[in-house]
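Novice: Below you'll find the structure I mean.
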Amino acid sequence: EVQLAESGGGAVQPGGSLTLSCQFSGDIPRRSCLGWFRQAPGKEREMVADLDRDRLPTYAPRVLGRFTISADIVKNALLLQMDRLKPEDTARYYCAAEPREGYSCDYHYTRQLYTYWGQGTQVTVSS
C-alpha cells in the first residue's frame, strides 16, 4: 500500500524559511513523477514544483528562485525547501507521486494528474 504524508508546515513571518517533507510508505518506483502543489482558501489548487523521472525540477513562476524541490531516495522522502516566504505562499501544501509511465511528467504536472496524494500540511506566512 502506498501512502504519502506531509510534514513540516507551520507559521512563519515573511522572509522566513520552512522545509516540508513528504514521507512515502510502500513502494514508490524510483522513476515516479514527484510533485508539490498548494491550495489557499477560496482558490484552485496550483502547481508549485515537480521532479521528472530524471529528477530534473520544474518550478511555478511564483516560487522560482525561492523554493527548492529534492528527493531523498534512501529515506523515501520528497522535500520542499522554502525560502524568503511571502504572505501569498500561505496555503495547504500537498505532495503527489505518479508511478505510471507512458506520458511525460510535464503532462502529469500541468494537469495535476497523480495517482497518489498526501493529506497536506499547512503553511501560514504572516506578520
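Novice: Assess whether TYR114 counts as being in a loop (DSSP other than H, G, I, E, B), among the aromatic types (Phe, Trp, Tyr), touching a residue at least 40 places away in the same chain (Cβ under 8 Å) and surrounded by 17 or more Cβ atoms within 10 Å (Cβ to Cβ).
Specialist: The answer is yes for TYR114.
Novice: Please state which of the following conditions GLY102 fails to meet, knowing it meets all the rest: (1) more than 17 Å from ARG30 (Cα to Cα); (2) modelled with pLDDT under 95.
Specialist: The number of the failed condition is (1).
Novice: For SER7, all conditions in the list (1) surrounded by fewer than 16 Cβ atoms within 10 Å (Cβ to Cβ); (2) under 27 Å from GLY102 (Cα atoms); (3) not acidic (Asp, Glu) hold save one; what is the number of the exception?
Specialist: (2)
Novice: When the residues of the range 68-84 are narrowed to those that are outside any loop (DSSP other than H, G, I, E, B) and without any contact (Cβ under 8 Å) to a residue 24 or more places away in the chain, which ends up surrounded by the fewest Cβ atoms within 10 Å (Cβ to Cβ)?
Specialist: The extreme case among them is ASP72.
Novice: Another question, if that's okay. Against the definition (outside any loop (DSSP other than H, G, I, E, B) and open to solvent by 70 Å² or more (accessible area, probe 1.4 Å)), how does ARG92 come out, yes or no?
Specialist: Spelling it out, ARG92 is indeed outside any loop (DSSP other than H, G, I, E, B) and open to solvent by 70 Å² or more (accessible area, probe 1.4 Å).
Novice: From the list GLU44, GLU98, exactly one residue is acidic (Asp, Glu) and either open to solvent by 60 Å² or more (accessible area, probe 1.4 Å) or over 13 Å from the mean Cα position of the chain (by Cα) (or both). Which is it?
Specialist: Just a single option satisfies the conditions, and that option is GLU44.
Novice: Pick from the range 3-51 the residues that are of a type in the set (A, V, I, L, M) and part of a loop (DSSP other than H, G, I, E, B): which of them is modelled with the lowest pLDDT?
Specialist: Here the residue is ILE28.
Novice: Please give the number of the condition GLN119 fails out of (1) touching a residue at least 24 places away in the same chain (Cβ under 8 Å); (2) exposed (fewer than 12 other Cβ atoms within 10 Å of the Cβ); (3) more than 11 Å from CYS22 (Cβ to Cβ).
Specialist: (3)
Novice: While we're here: Quick check: anything in the range 46-53 of a type outside the set (A, V, I, L, M, F, W, C), out of contact with any Phe, Trp or Tyr (no Cβ under 9 Å at 6 or more places or on another chain) and farther than 23 Å from GLY10 by Cα?
Specialist: The answer is yes, given that some residue of the range 46-53 is of a type outside the set (A, V, I, L, M, F, W, C), out of contact with any Phe, Trp or Tyr (no Cβ under 9 Å at 6 or more places or on another chain) and farther than 23 Å from GLY10 by Cα.
Novice: If you go through the range 101-111, how many residues are outside any loop (DSSP other than H, G, I, E, B) and open to solvent by 60 Å² or more (accessible area, probe 1.4 Å)?
Specialist: Of the residues in the range 101-111, 4 are outside any loop (DSSP other than H, G, I, E, B) and open to solvent by 60 Å² or more (accessible area, probe 1.4 Å).
Novice: Within the range 21-44, identify whether any single residue is on the phi > 0 side of the Ramachandran plot and basic (Lys, Arg), and answer yes or no.
Specialist: Checked against the condition, which is being on the phi > 0 side of the Ramachandran plot and basic (Lys, Arg), the range 21-44 yields no hits at all.
The values are calculated or read from the model by the stated rules, or taken from the named source; none is laboratory data. On a predicted model such as this, the values are computed, not experimentally measured, just so you know. Note: ideal-geometry Cβ built from the backbone for every residue, glycine included; neighbour counts use all protein chains shown. These accessible areas exclude ligands, DNA and RNA; they are computed on the full protein's heavy atoms, side chains included. Shrake-Rupley method; radii C 1.70, N 1.55, O 1.52, S 1.80 Å.
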